[in-house]
Each structure stands twice: as C-alpha cells, then as structure tokens.
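**Q** Below: one structure in structure tokens.
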Amino acid sequence: MFNVFFNKINATQIKIARDQANTRGVNRVVGSLGDWVLNDPSDFKNAKTLFVWGANITDAQMHDWHFIAEAQESGTKLVVIDPVLTQLAAKADKWVPIQPATDAALALSMMYVMVSEELENRPFLKEHTCAPFLVREDTGKFLRMSDLGVEPTVIEVSREQVSAASSSNKGAAVGQGSTITKIVDQPAVLEFDGKPVGADDAKDPRLSGTYNFNGVTCRTAYDLLVADIMDYSPEAASKICDIPADTIIELAHMAVDGPCIHRLGWGSNSYTNGVHAAHANITMAALTGQIGYPGAGTGIGDFKPCWGINALVKGMTAAKYPMISALFLPEIMRTGKYKGQDYPIKSLYVYSGNPVCNQVNTNEYLRDIVGNLDFLVVADYTFTDTVKYADIVLPAAHWFEQQDVIAISATQCFIYSEKAIDPLYESKSDLDILRLFAEKMGHPDLLSLSDDQYMAQVINTPALEKLGITWENVKKNEDMYWYPSKPWIPWENAEFKTPSGRMEFYVENPTVQFDMGQEFDVEREHLPRYFNPTEAYQGSPAWDKYKLILLSERPRFRVHSMWSDNQYLRELDPEPTIKMNPVDAGERNIADGDYVEVYNDRGHCVAKAILNDAVRPGCTVYPKSWQQNQFKAGSWSELLTSVYDPVGVNESYFDNLVEIRVWNEG
Ligand SMILES: Nc1nc2c(c(=O)[nH]1)N[C@H]1C(S)=C(S)[C@@H](COP(=O)(O)OP(=O)(O)OC[C@H]3O[C@@H](n4cnc5c(=O)[nH]c(N)nc54)[C@H](O)[C@@H]3O)O[C@H]1N2
Ligand SMILES: Nc1nc2c(c(=O)[nH]1)N[C@H]1C(S)=C(S)[C@@H](COP(=O)(O)OP(=O)(O)OC[C@H]3O[C@@H](n4cnc5c(=O)[nH]c(N)nc54)[C@H](O)[C@@H]3O)O[C@H]1N2
Ligand SMILES: [Mo]
C-alpha cells in the first residue's frame, strides 16, 4: 500500500542499508533464491556438524533454538564462531573466540588445509562449480567458446521449464511469450587431454592448468583461488584471527567430514570487509560439495522465499524515481545533488522504523538529514527518538488494533493477526492514514478497496490456491503453511541460479548490492579475500586514540527499540549496559557497576559497566537500541561510523573503535 501511494505521488523511497553484505557475498556465488536462504532448521539434525558464524540464536532467533538443541541431542556437533561467549556459544561443543572482522581469513585458512591435505571434493568442483573455467589474464573474464571460434548456440526453452528447473538458468535469456530464447556461449575448460572444450561438454575437465590464447595466459579459476588461499596457512591465519593453528586444522577437518551446515549470522556482515567473509564461507561449500542436500548447506538466517504472493494490487504504478540507499542520503542532503543532478529533498516520511535510534552516526543523521529537511513526518505508535524530531507525528495503530497477515518466511507460514480492539484515541492504521493523504492530495480513488479486498488481491493467487491457501482460509485457520510436506533445502541437486548454473566462486562480473553509480575495485571482487576492515583493528587510523572494538548484541527483552517503554520488561532490564573484559576494565580503573562514558570522535554515551570474561580483551559489547531518554547522556548510535563498503552498501555497526572512562555525573 505504501508503494501504491508513494509511486503515485512520485516520492523517492529509501532502501535500508542493513543485512546486505552477507547477501552480496553469498548470492554472487550461488545466484539468488531470495535473500538469506538456508536449509530449514528442522534439517539441522541431519548435519554432522553445525557451524554458526556470528549469530546468537538463543537470543536473536529464539524460534530456532529448539531445533539446534534437538540436533545436538541426536548427535550433531555445534561449533560457534564468535568473539563473545554468547548464550549460544556457551551451549556449543566448540566455541571459537575469533578476533572481530577476520572470518574471511579463517575460512581461507580452512580451505588452505583442505587443499594442502587434498581433501577437496574434486568431482563436485568439476561438475558443479566454476573451478575448471579458464580465466583470461587480460580481462579477468572467463575464456568463452566464442573466443575460440565456436558459434554460440541458441536454444528455446519454455517459460515453465525456466521456473521449474534452475539448471536451465544457463545462458542469457531474451524475449517474451511462452518460450524464452537463450544464447549459450559456454566458458571453456581444459579437457583431460589438454584441449579447450565447452564446460558442459567436457568428460573430465582439469582443475589446474594454463592455456595460451593468442598470447593471453588463461588459468583455471581453481588455480587462481588456490593461489589466494596459499597466503593463509594455519600459522599465518592464527596470527590474524587469534585462533590456535591446531584449531583451524581441526575446524577444516570437521568441515570436510560432512554433511555439515554453515549458518551465517550478522556478525561478520557488520564490517566493511563483510562481503568477503560471506564469499569465503560459501566458497568452502564449493570445495567440499556440501550444499543442497539434507544436512548440507551454507547460508544466512533461515529464510525461505515466500512464493506466490501478488504484489501488484489495484492502483500500483511504476516508481518514477529510483530508490536511494540510506547510506547515500547524508551526502545528497548536504549537497542537494544526486549523480550530479539537482535533487532537493524537502520532506521525509518515516514509518515502521526509528532511524535516529537505529541507524549509524546519529549526529551526522541529525545534522545532515534532519537538519536539511523542511518537513519531517513520523508515523509510529510510541514516542521514539525519531518522533522527537518530527514536525508532525501521526499516531499509527498498533498491530493489536488492526487485522493483518504475517508471512513468516522462517517458518514457511502465513499467520493471521486478528484485530483485538479498535484503534484507540486518534490512532489509525497505516492504510487509513494513506487513504486520508490520497484524498487530500487529489487521488480520492487511489486506495478505494477495503482492507479485506486488498488482502484477497495479495493472497488469492493461482499458486497459493493450489495449496489451499486463500485469504478466507488464512482467516479461518489462523496459520497456514506453504511448504507443508518436507523441510526446505535450497540448491537441491546442485542447481544454482548463476549464469552457468554452477557455483561461481570466481565472480566474473562483480556488481554492487545497491547501485548508485559508486566506484569500486573490480579486481578485488573476483575472489574471496581477506583485508582489514575500516576501523576495528589494531593499527587502524583511529587506533592512536581508541583501543576497544565496540560490538553490539540483540537486546533480549526488546526487538530493537520496540518494547523499550514496557515497564514490566524494564524491571528485568532497566538501563543501558556495556560488557567489558576485567583486564580492560582494570587498565582503566573501572569497577563492575560503574557508570562509564563510552566515546570516540563521533559521539559518546553513558552506560553501566558489566565486567565479564565472556568478552574477549579488546572488545566490548552492548545490547542495542536504548532510546535517548533512557541514557544519562548520549546514545549508542552516535558512536557508529557511516563509512561503508561500496560493494556491500551496508551499515558497519561493528567496525568501530572507542575508549571508555569512569563517568562522574556533572
Ligand atoms: N531479541 C531480539 N532478537 C532479534 C532482534 C532484536 O532486536 N531483539 N533483531 C532481529 C534482527 S533485525 C536481526 S538482523 C537479527 C540479527 O541476529 P544475529 O544474526 O544474531 O546478529 P547480531 O546480533 O548482529 O550478531 C551476532 C553475533 O556476531 C558476533 N560477532 C561480532 N563480530 C563478529 C565477527 O567478526 N565474526 C564473528 N564470527 N562473529 C562476530 C556478535 O558477538 C554476536 O554474538 O536478530 C533478530 N532478532
Ligand atoms: N548498533 C547497532 N545498530 C543496529 C544494528 C546493530 O546490530 N547494531 N542492527 C541493525 C538492524 S539489522 C536492524 S533490522 C535495525 C532495526 O531498526 P528499526 O527498523 O528502526 O527498528 P525498530 O526499533 O524495531 O523500529 C521500528 C519502529 O516501527 C514502529 N512500528 C511497528 N509497527 C508499526 C506499524 O505497523 N506501523 C508504523 N507506522 N510503525 C510501526 C515501532 O514502534 C518502532 O518505533 O537496526 C539496525 N541498527
Ligand atoms: Mo536486521
């Protein structure tokens, strides 16, 4: 409904810049079935080992925890890679307290062990990955059969075939109608006898080898990967990751002895090298072949694509202006320009978000964005940090005050959320608010259907009706599953959504997660690599003044800032706190329970110190999303950098250094 309204009035929409780096790193290797997909958690028990990289499932994905507990009971080993001894890490068979922002180095080193001990899965590499593809040294692109004088073939495939089987994803699709014309120009590989042939025609392609094409050296993608990996012996990576070399070797052996699942959270995602951590991780699956069958997979979260919903409700028109990433907004507001053109943004409508509390660099946000607006409107049902700066506050109805359907992707389920009471006082549902706007802004018929009619338009599609799911049935049954028969496993039969249909750990044409014309180093992006993040490492430019890495955790008793004003929950969790290692506290004469000031060049805040060995020395952790009026001074987001990686276009919540000192009121 927001799209219907905003597109009609030619508004520019803001693209959130979170949870993006992981997505880029994984999807550029396997293609996309949607963001953040992984084997259904009920499949975890089929894994011999479950690796959890940077996720705190007991606190942040509570609905998944019992699946892990049950998997452990049935023999699955749990390995948790996290700088903090979280609740989840405490339950693990093995906790690996990694130095922050070094996950890519660990994964590269695990691959070093696999390759040097010849543990890699060669049949899988040859058949289902780009490993044997020849890469041209001059262009960085795959050598194609057309380079060798073989005419591309043109094939016709039916549209149904395309959607049914992702293997027919090979080649570029053109045209409309019931069939699609595909031009297939195969990447060249070296056949066992050394002759170049099309990848899918080779009997036994070589993983290693060099080919001279008119004076241009071409090497296999596998050789290029191995050359990269060779810098990361367990001894070398041990220094970067602060993990014993023996542990790295042990982890590599566990990762080879499958089936195993690697579940990535948002830990490594929150640094400017996060894309490569995810890219390195999924490349391990290319080496082991452990993906796409029960107990085997690599991915983020546990989302499943929610197929069959219709987004084109009555009144929907195309957007006139492209979306803008939240991370580009400060610059656009400072200069009034976007891509060299005048782009004067005068007003901002905020709903279902609390950016002053949750986005990075609050002082910049307030100065450059809020400070350059003529008009800020916020629709919310609580008095948030963002509401404080609004010119007009619209009291939105709570979800208890309206009916809705929640498509819970994690559980493959539509849940009917019934209206409990009528909206109190002047509050209105978001849709009713938009209806009033539309009327006053000259579009009285824009949102003319009833709430029920819109719901029916969204849900009553042929695809869902086949499963017996209709709006009427969802209302009656209260919850309905769209995948009732078996746990979902992405990439079954090793059919990937890349141009070649294989895992392309060598990325031929790197692209950015959100394109606003920004420049990036294409050469760096072809393969997974380790490099320093921006700030959160010893020796970074900020290191002279600030020596503690600032991490956050999900608040146990809130969802972000939601429920922060709930008095019962505040009895359990009354005020902002920060955990630090007793060694770091001792050096700063900080005692348990002291109020401390956490600060850097960007801002500061005051919180209660909790001394805790669970945090690595050099790291600190705070539960996120307290609101400004709950601090004695400042707020967490003031401390966070707005620097971002142009490829991931993601907020860097953990890529920050701070110092901490005892705070005396006044
Ligand atoms: N209770 C509650 N649950 C929530 C939310 C909430 O607000 N409250 N928010 C929800 C949302 S929107 C999201 S996106 C998810 C995110 O949930 P998670 O995926 O769990 O993400 P984070 O809490 O950001 O961080 C996960 C872990 O990464 C670790 N970490 C930090 N740096 C690194 C690193 O360099 N390497 C590794 N390996 N680990 C690192 C942190 O110590 C932390 O334990 O949680 C959701 N669940
Ligand atoms: N330091 C740090 N900061 C982070 C992160 C981190 O790891 N560390 N993680 C980031 C991540 S992953 C996320 S997802 C963001 C979350 O950031 P936000 O999306 O800003 O999270 P919330 O605080 O949940 O804000 C939701 C707001 O919408 C309101 N609301 C709820 N339902 C409705 C509705 O139906 N209509 C309207 N109009 N309003 C409604 C709520 O009252 C609340 O004020 O935080 C990010 N910020
Ligand atoms: Mo999130």
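The values are calculated or read from the model by the stated rules, or taken from the named source; none is laboratory data. Nothing here was measured: the structure is a model prediction, and the numbers come from that model. Here Cβ is always computed from backbone atoms with ideal geometry, including for glycine, and neighbour counts include all displayed protein chains. Note: areas computed on protein heavy atoms with side chains; ligands, DNA, RNA excluded. Shrake-Rupley method; radii C 1.70, N 1.55, O 1.52, S 1.80 Å.
**Q** Restricting the first residue to the stretch 346-365 and requiring it to be in the same structural domain as V378 (by TED's automatic domain parsing) and at pLDDT 95 or above, which pairs with a second residue that is open to solvent by 20 Å² or more (accessible area, probe 1.4 Å) and assigned to a strand (DSSP E or B) meet a Cβ separation below 6 Å and a spacing of at least six or different chains?
**A** S347/F375
**Q** Condition test on Q99, is it within 13 Å of ligand 1 (Cβ to nearest atom), closer than 30 Å to C413 by Cβ, open to solvent by 10 Å² or more (accessible area, probe 1.4 Å) and not hydrophobic (A, V, I, L, M, F, W, C)? I'd like the intermediate steps shown before the answer.
**A** Values: within 13 Å of ligand 1 (Cβ to nearest atom): yes; closer than 30 Å to C413 by Cβ: no; open to solvent by 10 Å² or more (accessible area, probe 1.4 Å): yes; not hydrophobic (A, V, I, L, M, F, W, C): yes.
When the stated conditions are applied, Q99 does not pass them.
**Q** Consider W53 carefully, then state whether it is within 13 Å of ligand 1 (Cβ to nearest atom) and touching a residue at least 60 places away in the same chain (Cβ under 8 Å).
**A** Details: within 13 Å of ligand 1 (Cβ to nearest atom): yes; touching a residue at least 60 places away in the same chain (Cβ under 8 Å): yes.
Yes; evaluated as a whole, the condition is true for this residue.
**Q** Could you give me the residue pairs with C-beta distances under 6 Å whose first residue belongs to the stretch 81-96 and is within 19 Å of T49 (Cα to Cα) and among the polar types (S, T, N, Q), whose second residue is in a helix (DSSP H, G or I) and more than 16 Å from ligand 2 (Cβ to nearest atom) wherever it lies, and which are 6+ apart or on separate chains?
**A** What qualifies is Q87/T58.
**Q** With A609, A585, A542 as the choices, which residue is part of a helix (DSSP H, G or I), among the small types (G, A, S), assigned by TED's automatic domain parsing to the domain that holds L640 and within 24 Å of Q99 (Cα to Cα)?
**A** Numbers: A609 fails: part of a helix (DSSP H, G or I); A542 fails: assigned by TED's automatic domain parsing to the domain that holds L640.
After applying the criteria, what remains is A585.
**Q** Additional query: Restricting to the stretch 36-83, name every residue that is over 20 Å from the mean Cα position of the chain (by Cα) and under 27 Å from G618 (Cα atoms).
**A** L78, V79
**Q** Would you confirm whether any residue within the stretch 81-97 is polar (S, T, N, Q), touching a strand residue (DSSP E or B) at 6+ places or on another chain (Cβ under 9 Å) and closer than 18 Å to W491 by Cα? Break it down into steps so the answer makes sense when it comes.
**A** Of the residues in the stretch 81-97, the ones polar (S, T, N, Q) are 86-87.
Pick out the ones that are also touching a strand residue (DSSP E or B) at 6+ places or on another chain (Cβ under 9 Å) and you get 86.
With closer than 18 Å to W491 by Cα added as a condition, the list becomes none.
Within the stretch 81-97, not a single residue is polar (S, T, N, Q), touching a strand residue (DSSP E or B) at 6+ places or on another chain (Cβ under 9 Å) and closer than 18 Å to W491 by Cα.
**Q** Separate question: Of (1) crowded, with 24+ Cβ neighbours inside 10 Å; (2) modelled with pLDDT under 95; (3) hydrophobic (A, V, I, L, M, F, W, C), V26 satisfies all except one. Which?
**A** The single condition V26 does not satisfy is (2).
**Q** Let me spell it out: the conditions are (1) in contact (Cβ under 8 Å) with a residue 12 or more places away in the chain; (2) closer than 28 Å to S552 by Cα; (3) polar (S, T, N, Q), and N27 meets all of them except one. Which number is the exception?
**A** Of the numbered conditions (1) in contact (Cβ under 8 Å) with a residue 12 or more places away in the chain; (2) closer than 28 Å to S552 by Cα; (3) polar (S, T, N, Q), the odd one out for N27 is (1).
**Q** Same structure again: Would it be correct to say that T272 is of a type in the set (S, T, N, Q), within 14 Å of ligand 1 (Cβ to nearest atom) and assigned to a loop (DSSP other than H, G, I, E, B)?
**A** yes
**Q** Oh, and also: Which condition number in (1) within 16 Å of ligand 1 (Cβ to nearest atom); (2) surrounded by fewer than 24 Cβ atoms within 10 Å (Cβ to Cβ); (3) farther than 23 Å from I98 by Cβ is the one that Q13 fails?
**A** (1)
**Q** A follow-up question, please. Within the stretch 540-570, track down each residue that is closer than 29 Å to V26 by Cα and open to solvent by 50 Å² or more (accessible area, probe 1.4 Å).
**A** Across the stretch 540-570, the qualifying residues are R554, R556, V559, H560.
**Q** Identify all residues within the stretch 607-627 that are more than 16 Å from ligand 1 (Cβ to nearest atom) and open to solvent by 30 Å² or more (accessible area, probe 1.4 Å); write none if there are none.
**A** Taking the stretch 607-627 as the starting set, the residues that turn out to be more than 16 Å from ligand 1 (Cβ to nearest atom) are 607-609, 611.
Of everything in the stretch 607-627, those that are more than 16 Å from ligand 1 (Cβ to nearest atom) and open to solvent by 30 Å² or more (accessible area, probe 1.4 Å) turn out to be K608, L611.
**Q** If you don't mind, there's one more thing I want to ask. Looking only at the stretch 413-469, which residues are among the polar types (S, T, N, Q), in contact with a strand residue (DSSP E or B) (Cβ under 6 Å, 6 or more places away or on another chain) and surrounded by 16 or more Cβ atoms within 10 Å (Cβ to Cβ)? Steps first, answer last, please.
**A** The first filter runs over the stretch 413-469 and keeps only residues among the polar types (S, T, N, Q), leaving 417, 427, 429, 448, 450, 453, 457, 460-461.
Checking which are in contact with a strand residue (DSSP E or B) (Cβ under 6 Å, 6 or more places away or on another chain) leaves us with 417, 427.
Scanning the stretch 413-469 gives a single hit, S427.
**Q** Here's another thing I want to ask about it. Can you tell me which residue is nearest to ligand 2 (Cβ to nearest atom) among those in the stretch 1-36 that are hydrophobic (A, V, I, L, M, F, W, C) and under 25 Å from A252 (Cβ atoms)?
**A** Across the stretch 1-36, the extreme among qualifying residues is A21.
**Q** Let me ask something else about it. Of (1) open to solvent by less than 20 Å² (accessible area, probe 1.4 Å); (2) more than 16 Å from ligand 3 (Cβ to nearest atom), A227 satisfies all except one. Which?
**A** (1)
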